[in-house]
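Worksheet for the structure shown next.
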Amino acid sequence: MCTLRDGVVLLHGISRTARSFRRMERAVERVGYATLNLDYASRRKALEALAEDIHPAIDHLAGRLDGQVHFVCHSIGGLLARVYLAKYRPPNLGRVVMLGTPNGGSEIADRLKHVVLYRAFFGPAGQQLGTLRDAATMALLPPIDYPVGIIAGNRSIYPVASAFLPRPHDGRVSVANTKLEGMIDHIVVRTSHPWLVRSNEAIAQTIAFLQEGRFEVGS
């Protein structure tokens, strides 16, 4: 069986696809990582079911690596990684970078979770994005014990949604709610939620954390 160097699993946000991570994927490959840029049914299933869906591909990649398997996740992709790693943590797990992940939930989901159009569009996982989580959802997201670096945005392109969020925020998630107890590092970049995956600064900081376990100070 052919083995590979360190690898990076990329998990996109809700209602997005692997295409949203193409720029990040290419940048990570250029510095020497193998990549697995996964598509998953973010709007059709709950987090626990999505974790089952992505497991075979991640398990296959992790088994082929000489080195470690890292995760780079946008938005709900970070929550999916947490659910996945709580059940299927690979023995060669490396570092995890989360971009705009609502670790503390999103006030927008709180406001809209009972709205029919929101429920229809964002599906079961959308119901797990609120700030007030039930016991079942909390059980899926136990405390982390692996190195996590978090990148938050502080600009918004959503004037209506912005009214629901405490400042600073990226138009979907407040900076405060991206934070996670036990994280290694946290940084804020000047961009909005959907552009975190394409921001030059966010990409550079992602690579810095993958390589060094810290973000670059003053960049």
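The values are calculated or read from the model by the stated rules, or taken from the named source; none is laboratory data. It should be emphasised that the depicted structure is a prediction, and the values quoted were computed from it without experimental measurement. Ideal geometry is used to build each Cβ from the backbone, glycine not excepted, and the neighbour counts take in all protein chains shown. Ligands, DNA and RNA are excluded from the accessible area calculation, which covers all protein heavy atoms including side chains. Shrake-Rupley method; radii C 1.70, N 1.55, O 1.52, S 1.80 Å.
Couplings for region 103-114, taken from phi via the Karplus curve 6.51 cos²θ - 1.76 cosθ + 1.60 with θ = phi - 60°, read 4, x, x, 10, 5, 5, 5, 4, 6, 10, 4, 9 Hz in order; Gly and Pro are left as x.
DSSP beta bridges fully contained in the chain are about 5 percent antiparallel.
Counting alpha carbon pairs within less than 8 Å and at least 6 residues apart, what relative contact order, in whole percent, applies to region 1-71? Mind dumping the intermediate values first?
Details: 100 pairs, mean separation 34.5, N = 71.
Here the relative contact order equals 49 percent.
With the simple spin-label model, which puts each label point 7 Å out from Cα in the Cβ direction, the VAL188 to ASP110 separation comes to 1.9 nm.
Residues of region 72-110 falling in the label zone of ASP145, defined by backbone nitrogen less than 13 Å from a point 7 Å along Cα to beta-carbon, are 86-87, 89. Summarising the label geometry, the points placed 7 Å from Cα in the beta-carbon direction at GLU212 and ALA49 lie 4.3 nm from one another. Other residues whose C-beta falls under 11 angstrom from the C-beta of GLY130 contribute a net charge of 0, scoring Lys and Arg +1 and Asp and Glu -1. From the residues VAL69, LEU117, GLN127, which one has its Cα farthest along the dipole of region 41-127 in the positive direction, the dipole being from +1 and -1 charges on Cβ of Lys/Arg and Asp/Glu about the Cα centre? The residue sitting most towards the positive pole is LEU117. Between HIS60 and MET138, the C-beta separation translates, for a Förster distance of 41 Å, into a calculated FRET efficiency of about 0.85. Which lysines have a Cα less than 25 Å from the Cα of LYS113, not counting those fewer than 8 places away in the same chain? By straight Cα distance, LYS113 reaches LYS45, LYS179.
Looking at the chain, the accessible area is 46 square angstrom per residue; that uses a 1.4 Å probe and ignores ligands, DNA and RNA. With a cut-off of 13 Å, note down the residues of region 100-117 whose backbone N falls inside the zone around a label point 7 Å from the Cα of VAL160 toward its beta carbon. Flagged as within label range: 112, 117.
Taking Kirkwood radius over Cα pairs in Å as calculated from this structure, the corresponding entry among [x] 19.1; [y] 17.8; [z] 17.2 is [z]. Surface composition of the chain: carbon plus sulfur atoms hold 53% of the accessible area, using a 1.4 angstrom probe and ignoring ligands, DNA and RNA.
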